[in-house]
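Please read the structure below before turning to the comments.
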Amino acid sequence: MSKQAGSEEGGRSRREEILAIAAQLFARKGYRGTSMRDIGEASGVLGGSLYHHIKSKDALFVELHNGALDEAEARIAAAVADVADPWERLEVACVALLEVQLAPDSLTTPMMNDFREVPNDVRMQLVARRDRFEGLFRAIVADLPLPAGIDRSIYRNLLLSQLNAAADWFRPGRLTPREIAVQVARLFRHEG
């Protein structure tokens, strides 16, 4: 391996380490409560050196938010890929989403729930990515045999609101994320 290739690899791993630390800080302290100084101190990178790895706090938050959604979206898409029955697809998607969100080290929920804290231009980027993520559920809900009077947009938004709110009240022990997701999917089953 050349010295340059080793240096690039070291730079990438250092950046990944900084991203992981920043994600944990954002998850714990929120967007507003996390400063670039906090990230630098926690990762052992001082002053302007941090900007060698990170463009800005806003760009960092967007990158981490989008990365969390990319990972969640990939897991959900893989989970439903071979499921033909529309109700089963809904249940499998709900399970995959809650397993991502309720994992002890999950960054998806903290990164998605801090929209009010960010500047408006950053919020617009986050909302655009979230809307693309919701496209998965939009397609799943479109295939459901729902009664004619049920608005699919309202149905999808209520479903996702319930799933996203689970992190607020979930406590390990009684039900698993899978069991909760199955219950939510059953409550939303309205056949035409």
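The values are calculated or read from the model by the stated rules, or taken from the named source; none is laboratory data. Computed from a predicted model, the values in this text were never measured in an experiment. As a convention, Cβ positions derive from the backbone with ideal geometry for all residues, glycine included, and neighbour counts pool all protein chains shown. These accessible areas exclude ligands, DNA and RNA; they are computed on the full protein's heavy atoms, side chains included. Shrake-Rupley method; radii C 1.70, N 1.55, O 1.52, S 1.80 Å.
For this structure, a couple of remarks:
- Probing with 1.4 Å while keeping every protein chain in the model, the per residue accessible area of the range 49-173 equals 50 Å².
- Hydrodynamic radius (Kirkwood) for the chain, which is based on Cα pairs only, to one decimal in Å: 18.4
- Segment Arg15-Gln125, length gained on full extension (0.36 nm per residue, minus Cα span): 37.4 nm
- Förster-model FRET efficiency, 25 Å R0, Arg189 and Asp168, C-beta, rounded to 0.05: 0.60
- Rough spin-label spacing in nm, given labels placed 7 Å along Cα→Cβ, for Asp143 and Ala59: 3.9
- Efficiency of FRET from Cβ geometry, Arg116 and Tyr51, R₀ 25 Å, rounded to 0.05: 0.40
- Per-pair calculated FRET efficiency, R0 = 22 Å: Thr176 and Asp70 via Cβ, rounded to 0.05: 0.35
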